[in-house]
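The values are calculated or read from the model by the stated rules, or taken from the named source; none is laboratory data. Computed from a predicted model, the values in this text were never measured in an experiment. Glycine also receives a Cβ, built like all others from the backbone with ideal geometry; neighbour counts cover every protein chain displayed.
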């Protein structure tokens, strides 16, 4: 039996409907209170669930955000950060920052701001 190259396996999995997650950086699991504001709407309180240099995933209890929506995000007391909604599954939203986080800011969020941090 011939071993399939990685790219070929990914294409087969995509054809079979599997969800494939491709990332260019590591995510940091966090539990940080935050907020977002979409254009011409009020501020909504959210929980940031993970964060990376390029974006974050957050919980929005009654989310109606659409993919492509521009938002201003606050992660704890950091922000506002411009971002675009890249995906939404129910009340979980993925956003990409317009300007990547500086590594020291990312480290501060991951190490000190999470309510799960000791």
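Could we say that residue 96 is within 13 Å of residue 27 (Cα to Cα), in contact with a helix residue (DSSP H, G or I) (Cβ under 7 Å, 6 or more places away or on another chain) and surrounded by 11 or more Cβ atoms within 10 Å (Cβ to Cβ) here?
Judged against the criteria, residue 96 is not a match.
Residue 85 falls short on exactly one of the conditions (1) surrounded by 15 or more Cβ atoms within 10 Å (Cβ to Cβ); (2) out of contact with any strand residue (DSSP E or B) (no Cβ under 8 Å at 6 or more places or on another chain), and that condition is (2). Kindly check whether there is at least one residue in the stretch 98-115 that is within 19 Å of residue 37 (Cβ to Cβ) and assigned to a strand (DSSP E or B). There is no residue in the stretch 98-115 that is within 19 Å of residue 37 (Cβ to Cβ) and assigned to a strand (DSSP E or B).
Residue 87 meets all of the listed conditions (1) modelled with pLDDT of 90 or more; (2) assigned to a loop (DSSP other than H, G, I, E, B) but one, namely (2). Here residue 101 clears all of (1) modelled with pLDDT of 95 or more; (2) surrounded by 15 or more Cβ atoms within 10 Å (Cβ to Cβ); (3) in contact with a strand residue (DSSP E or B) (Cβ under 7 Å, 6 or more places away or on another chain) except the condition numbered (3).
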